[in-house]
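These notes are about the structure you will find just below.
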Amino acid sequence: MKLSLPDFLTSNDRSTTVRTRREGAVLHVELNAPASGNAVTEAMLDELLDIVAVPDPEVRVLVLGAAGDDFCLGGDRTEFGQWLEEDPAGRGIRVAGEKARRVCEALSGGRAVTIARVQGKAVGAGFALALACDLRVGTENASFRLPELALGLPTAWGGLLPRLIHEVGAARVRELILTGRAFGAAEARELSVLQRVVPEAELDDAVAAWAKPVVRRPEAALRVTKALLNSYAAATRLADPSFLDAELMASVAAATRRSPAGGNGTGGSHS
């Protein structure tokens, strides 16, 4: 069963693209722009940063979900194009890219255990947000895609690539990125992109089944265990140049825009 909209709270009456709801030690964070397929904008990144960059120490579990039929259809390409119009060198892309890196690092490296609650499509930036979470459960209709190369862009958003290579394997990731093909929930489970696949009606129950035992764990042991898991995972990587993601994205986008052959790389609504 999907979480009902009135259950979520916002800090004021302004338009928001992220909503939160607290249940004891569990914080539910919902991407809330279903009309655009929850396309990631700079405003959404700012709102996510407000939530995850300075976490509440009482929160043991953070659940990242989304309103509507799809988890997230990627970055807002209209906004992307506007940034390039305003500054062809890509400064706006660099700024947003740095915010994306900070959001994903907070999800993966913060003290709370993070759970991605995925329904429908998770594309590009949406894929990265889900993958940044410690635990990932999706519905049977969930699907994933990395279309950046077809858009004339590198796969460089939020530290996605090193984490994906580590969890899935270089050979499989190479094929997914170079072809840009979509893959469904069953294959995502096989690749460890998802750790569990359930019918849509059971999605919230699956999230609760993970969250309930986690919140009962002693706080210090839970915090140190997550830090250890992240440290050992990082130690197996030869390199993690994800701090360069924003620079790489901006540089390639600017170069693609100047190239007649790459003129279609920044149109449309999302990646």
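Below are the figures for this structure:
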{"quantity": "Single residue of segment 106-124 satisfying the filter (touching a Ser or Thr at 6+ places or on another chain (Cβ under 8 Å) and touching a residue at least 60 places away in the same chain (Cβ under 8 Å)) that is nearest to residue 255 (Cα to Cα)", "calculated": "124"}
{"quantity": "Matching residues in segment 150-165 - criterion: being crowded, with 16+ Cβ neighbours inside 10 Å, assigned to a helix (DSSP H, G or I) and over 16 Å from the mean Cα position of the chain (by Cα)", "calculated": "151"}
{"quantity": "Verdict on residue 7 being modelled with pLDDT of 95 or more, open to solvent by 40 Å² or more (accessible area, probe 1.4 Å) and acidic (Asp, Glu)", "calculated": "no"}
{"quantity": "Any strands (runs of 3 or more DSSP E) falling wholly within segment 76-140 and containing at least 1 residues that are touching a helix residue (DSSP H, G or I) at 6+ places or on another chain (Cβ under 8 Å) and of a type in the set (Ser, Thr, Tyr)", "calculated": "113-118, 135-139"}
{"quantity": "Every pair of residues 6+ apart whose Cβ atoms lie under 8 Å, when the first sits in segment 81-96 and is closer than 16 Å to residue 255 by Cβ and open to solvent by 10 Å² or more (accessible area, probe 1.4 Å) while the second is not in a helix (DSSP H, G or I) and not aliphatic (A, V, I, L, M)", "calculated": "81/266; 81/267; 83/90"}
{"quantity": "Qualifying residue in segment 198-221 (condition: touching a residue at least 24 places away in the same chain (Cβ under 8 Å), open to solvent by less than 70 Å² (accessible area, probe 1.4 Å), of a type outside the set (Asp, Glu) and outside any helix (DSSP H, G or I))", "calculated": "yes"}
{"quantity": "Within segment 28-54, considering residues that are closer than 17 Å to residue 104 by Cβ and not in a helix (DSSP H, G or I), the one most open to solvent (accessible area, probe 1.4 Å)", "calculated": "54"}
{"quantity": "Condition check for residue 123: of a type in the set (A, V, I, L, M, F, W, C) and under 13 Å from the mean Cα position of the chain (by Cα)", "calculated": "yes"}
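The values are calculated or read from the model by the stated rules, or taken from the named source; none is laboratory data. In this text the structure is predicted, and so the values were computed from the model without any measurement. Cβ: placed from backbone, ideal geometry, glycine included. Neighbour counts: every protein chain shown. Ligands, DNA and RNA are excluded from the accessible area calculation, which covers all protein heavy atoms including side chains. Shrake-Rupley method; radii C 1.70, N 1.55, O 1.52, S 1.80 Å.
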